[in-house]
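Working notes for the structure below.
The values are calculated or read from the model by the stated rules, or taken from the named source; none is laboratory data. In this text, all values refer to a predicted model and were calculated from it rather than measured experimentally. Quick reminder, even Gly has a Cβ in these numbers, built from the backbone with ideal geometry, and neighbours come from all protein chains shown. Surface accessibility is based on the protein's heavy atoms, side chains included, excluding ligands, DNA and RNA. Shrake-Rupley method; radii C 1.70, N 1.55, O 1.52, S 1.80 Å.
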Amino acid sequence: MISLFRSSIIILKILIPMFIGSLLHGNTDSLEPMEVSALRLETSPKNLNARVQLIDQAKIAQSGATDIVGLLRKEANLQVRSTSGNSGRSTVSMGGFGDNGGHRTLVLLDGHRLNAFDLSPINWHSIPLAMINSIEVIRGAQSGTYGNHAVGGVIKINTKLPKLEPNASLEAIAGSFDSFNARGAYSQKLGEIGLTIFGERAESDGYRVNGDHQTDAGGLRLDWGGGSDFRGYLSWSLSNSEFGLPGSLDANTIAVDRRQTSNPDDRGEARSSQLRAGLMHQINDKWRLENRIGYEDRKNAADMPSQSGYLDNTDYETFSYSPILHHNTEDSDYLIGFDYFKGELDLNGIYTPSNFDASRDYERISSALFTSVRHSISEKWDWIGNLRFQKSENNLSYIGLKLRDVKDEDWASGIGLIRKFGEVGRIYTTARRFFRYPSSDELVTFGSSSPYPPINHPSLVPENGYEVELGLDWEMEKVLLSGRVFRQWMEQEIIFDDVSFQNVNIDDTGRLGFDFSLSWELADFVSTGISYDFVRAKIDKGTYKDSNIPLVAESLVRLFVELKPIDSLLFNIGGSYVGESFVGNDLSNSSSKLEDYWLFDLMLNYDLSESATLFGCIDNLLDEEYLSTAYNTALYPGEGRNVRAGLRFSF
């Protein structure tokens, strides 16, 4: 742990002079984000070879969502699976990935990655909606830009910047299952510094017994140097979550009471402290140097009597640093950068009845050199490309036994061509190579005979593959269409095999799919839209040839109609469809499927005044009984009807 602290001090010695310069040369007229592109290049999304969906602050406020997961399900039509009946530790995936799909979707907060290097999930409740300005959903493999995890796509979360005038928001929501959310944010300019403070309290008894959760999260952000050659930000956030782990049910217990629990005493806790900073120096009209540094200290705890009295306390410490040199002209954008990451995990675990030790220590160090370029061939044609080389080293210890170090190297790239027309219209085509490293948990397996000693996985290697994509953005009067068609070929995809009870590489898998969204303003007071995602994910070779990848729904649909009969009233009715899929671990496709289902929702916003809004929302309007996910005979019910109402003040 000390090495991470020393690394932070070295980087701070480099960045502090830039911080002082930004204070000396900044002005108070404006504050701008350091990064304006979804793919790190400083250019319009229209010039990128990827489909980028923007969820702006207006959509966030009007959605009625209490967390990011609910927002992404509705606004981006992403697949969501939960084992707890709530969204706090849900898996959010895109691109046709099932088990551990969340580890093939990269999540960024102000450019800093949130994905863990083990298999632990993201605590979505630790990211308050009060701090979010927008979310960009970038579909398709983006390993050439971001490296590990960015196989199915990227979710890029951008936090709020202070405005010229002081402004604040307060919001309170109460609803089903004794849920309550309170959030607030305040920002203003203090001389050369922009200050943003945010906080949130979320609590609920949960749909299922022992499915309760409580989260307190908050923090602050400082921005400086708008309009000057130096600008930057410093952000610090804290979160503390406590939650129940209701466990799985079988078909018989679900038939009796789907809200019951099999594990009434299993509990978990997660605490985190995150420090993020960025500094940019505009060297001249064409060159600028960008630096990002991140540090996280996270502690998880679990008390699980149902799992042979398992107890654990896990400490995570991560450090990242990314310097990038940009060159921008009217016709082209270039960058070359370096990503460094170091993560340490210290888990103290024990099975209390037998006093069996389950402690482990993991360390991962990765470094990558990457470059990206966009060049205008003509007024209407652009080409774009990227290339990335990355190394990773894993040091593993289990119950005091030092395992063999695991070192991996891989590369990713992409090249695309873009034809622009009109203000937003374009057609693009692209080809990419991608990769994902095994997580630290996937790299460890156990001997085949008693006492089943921990060993390095004998043959697990990084997964990699290629993807081609054709996309379109088109606008005609009051109709907007955005979509893409893609084909992906993947080698060595990592899937858990419950026969051998270890993670294995599958020879070849493939995905063929398309996704689109269509919005249509029928009149000044009514609009409608549809989003549709289709993907066929199959195993192409080996023992399970022609089987479908488990837990991948072939079809996802989102429909909505929005009415605004008067300026102060907004009404929205929508429906989300999730197609059938095979249960987790069913590589042979021999078990029964997870059934498809529709979830309908209503949302209402009424402006009481310029500063006050009354709103309400009903999710799962018809109280549909469905399964969120399942592994073999272990079934996890989805959440029932959820009614919420709240009041929002902005001033």
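Of the numbered criteria (1) on the phi < 0 side of the Ramachandran plot; (2) surrounded by 15 or more Cβ atoms within 10 Å (Cβ to Cβ); (3) touching a Phe, Trp or Tyr at 6+ places or on another chain (Cβ under 6 Å), the one Gly616 fails is (3). If you take the residues in the stretch 312-326 that are farther than 21 Å from Ala116 by Cα and crowded, with 16+ Cβ neighbours inside 10 Å, which one is farthest from the chain's Cα centre (by Cα)? Applying the filter and picking the extreme gives His326.
If you take the residues of the stretch 167-198 that are part of a strand (DSSP E or B), among the hydroxyl-bearing types (Ser, Thr, Tyr) and in contact with a Lys or Arg (Cβ under 9 Å, 6 or more places away or on another chain), which of them is nearest to Phe230 (Cα to Cα)? Here the residue is Thr196.
Could you please find all residues in the stretch 141-197 being touching a residue at least 40 places away in the same chain (Cβ under 8 Å) and hydroxyl-bearing (Ser, Thr, Tyr)? Those that are touching a residue at least 40 places away in the same chain (Cβ under 8 Å) and hydroxyl-bearing (Ser, Thr, Tyr): Ser143, Thr145, Tyr146, Thr159, Ser169, Ser176, Ser179, Thr196. For Gly309, the conditions (1) open to solvent by 20 Å² or more (accessible area, probe 1.4 Å); (2) more than 30 Å from Phe434 (Cβ to Cβ) are fulfilled apart from (1).
Within the stretch 621-637, residues that are open to solvent by 50 Å² or more (accessible area, probe 1.4 Å) have Cβ atoms under 6 Å from residues that are of a type in the set (Ser, Thr, Tyr) and not in a loop (DSSP other than H, G, I, E, B) in these pairs: Glu624/Tyr597, counting only partners at least 6 apart in sequence or on another chain. The single condition among (1) of a type in the set (D, E, K, R); (2) touching a Ser or Thr at 6+ places or on another chain (Cβ under 8 Å); (3) part of a strand (DSSP E or B) that Asp265 does not satisfy is (3).
Strands (runs of 3 or more DSSP E) fully within the stretch 519-633 that include at least 2 residues being of a type in the set (Asp, Glu): 597-607.
Among the residues of the stretch 561-576, is any crowded, with 17+ Cβ neighbours inside 10 Å, of a type in the set (D, E, K, R) and at pLDDT below 95? Within the stretch 561-576 (the criterion being crowded, with 17+ Cβ neighbours inside 10 Å, of a type in the set (D, E, K, R) and at pLDDT below 95), the answer is no, since none of the residues qualifies. Asp205 fulfils the conditions (1) in contact with a strand residue (DSSP E or B) (Cβ under 6 Å, 6 or more places away or on another chain); (2) closer than 20 Å to Asn123 by Cα; (3) open to solvent by 20 Å² or more (accessible area, probe 1.4 Å) except for a single criterion, (1). In the set (1) more than 24 Å from the chain's Cα centre (by Cα); (2) closer than 30 Å to Ala168 by Cβ, Asn642 fails one condition alone, (1).
Restricting Arg271, Arg201, Arg276 to residues that are outside any loop (DSSP other than H, G, I, E, B) and free of Cβ contacts under 8 Å to residues at least 24 places away in the same chain narrows the list to Arg201.
Only residues that are over 15 Å from Gly638 (Cβ atoms) and either modelled with pLDDT of 95 or more or buried (at least 23 other Cβ atoms within 10 Å of the Cβ) (or both) were counted in the stretch 56-73, giving 5. Any idea which residue in the stretch 156-172 is least open to solvent (accessible area, probe 1.4 Å), counting only those that are of a type in the set (A, V, I, L, M, F, W, C) and more than 24 Å from the chain's Cα centre (by Cα)? Applying the filter and picking the extreme gives Ala168. Listed by position, the strands (runs of 3 or more DSSP E) contained in the stretch 381-444 that have at least 3 residues being out of contact with any strand residue (DSSP E or B) (no Cβ under 7 Å at 6 or more places or on another chain), open to solvent by less than 60 Å² (accessible area, probe 1.4 Å) and among the charged types (D, E, K, R) form an empty set.
Ala270 meets all of the listed conditions (1) buried (at least 18 other Cβ atoms within 10 Å of the Cβ); (2) more than 17 Å from Leu347 (Cα to Cα); (3) hydrophobic (A, V, I, L, M, F, W, C) but one, namely (2).
If the condition is being within 18 Å of Ser93 (Cα to Cα), at pLDDT 90 or above and open to solvent by 10 Å² or more (accessible area, probe 1.4 Å), then the stretch 125-138 contributes only Glu136. When restricted to residues that are open to solvent by less than 70 Å² (accessible area, probe 1.4 Å) and either of a type in the set (A, V, I, L, M) or not in a strand (DSSP E or B) (or both), the stretch 285-296 contains 2. When restricted to residues that are part of a loop (DSSP other than H, G, I, E, B) and not acidic (Asp, Glu), the stretch 634-651 contains 4.
If you filter the stretch 336-364 down to residues that are modelled with pLDDT of 90 or more and basic (Lys, Arg), you find that the one that is nearest to Leu443 (Cα to Cα) is Arg364. If we scan the stretch 367-379, do we find a residue that is open to solvent by less than 10 Å² (accessible area, probe 1.4 Å), of a type in the set (Gly, Ala, Ser), within 29 Å of Pro121 (Cα to Cα) and modelled with pLDDT under 95? No.
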